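No value in this document is a laboratory result; all are computed from the given coordinates. Values in this document were obtained by computation on a predicted structure and should not be read as measured data. A quick note on method: Cβ atoms are made from the backbone with ideal geometry, for glycine too, and the neighbour counts reach across all protein chains shown.
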Amino acid sequence: MAIAELAVETRTESGKGFARKLRSEGRIPVVRYGRQCPVTQYTVECVVIDKFLQESGASGLVALDVDGAGQNDELLSIIKDIQRDPVSGRVIHLDFYGVRYGESIQVEIPLVFEGKAIGVAEGGLLQPIRRSLVAKCLPREIPENIAIDVTALGIGDSIHISDLDIDGVEFDVSVDFTIVTVQTIAQEEEVAVDDDELSADETETETEAEAEDTGAAPAE
């Protein structure tokens, strides 16, 4: 995986008031921490981080360029957390986790489903259960995504996490999660009907309970 570079500036101030001031100036606070890594605080321009996330994504390796000193492999990191404004969706804070080349780390890797399942041609519906997987690997071996070929899946077939075998990448298979399956349309409709019936039963039960509390008869 290629290492992306991000230009940041050192900051010494912190707190909500300072964070608001930064955002009013078109910047956001950034923090970096990790095993054997001191907690370090930075700032980055909003336009820079927006472009960075659009071009490089949030799951790869990042080398920080601090105060214009150039890319520093000693500051190799992954994005640990992105906080966004609940209204605008704009990034308002970033957490970086410091990593070392020789130490395995836990990362979330997006899934890409390839091919057209046989079961879909037979009238089934491809149903992805997971869009990403948590895996453990060395920083240099983090894949940009995991491609899963669904071509051979017939109706009722599934791919589980235990079916994956990727060099240098370890998955937790203690719980053998289903990743993707092919269902019949009838199965989908049955699930929808069951959900509707359950909602109706819950509503009726709640109405009767409310009537008992108030002494009124349930509405018909």
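Search the structure for amide H atoms under 5 Å from the amide H of Arg27, placed 1.01 Å from N in the peptide plane, and list their residues when 5 or more places away or on another chain.
Amide H neighbours of Arg27, under 5 Å, 5+ apart: Cys46.
Under the Karplus relation 6.51 cos²θ - 1.76 cosθ + 1.60, θ = phi - 60°, what is the ordered set of whole-Hz ³J(HN,Hα) values for segment 118-130, x standing for Gly and Pro?
For segment 118-130, the Karplus-derived couplings read 4, x, 5, 5, 8, x, x, 10, 6, 10, x, 9, 10 Hz, x marking Gly and Pro.
Scan around Phe113 for amide H atoms under 5 Å from its own, H built in the peptide plane at 1.01 Å from N, and keep only partners 5 or more places away or cross-chain.
Distant-sequence amide H within range of Phe113: Ile148.
Leu153's amide H: which non-local residues (gap 5+, or another chain) put their own amide H closer than 5 Å, with H modeled 1.01 Å from N in plane and none for Pro or chain starts?
Ile118, Gly119
Which chymotrypsin sites (Phe, Trp or Tyr not before Pro) in segment 1-101 sit in a loop by DSSP (not H, G, I, E or B) and have at most 16 other Cβ atoms within 10 Å of their own Cβ?
Working: sites: Phe18, Tyr33, Tyr42, Phe52, Phe96, Tyr97, Tyr101; in loops: Tyr101.
Passing sites in segment 1-101 are Tyr101.
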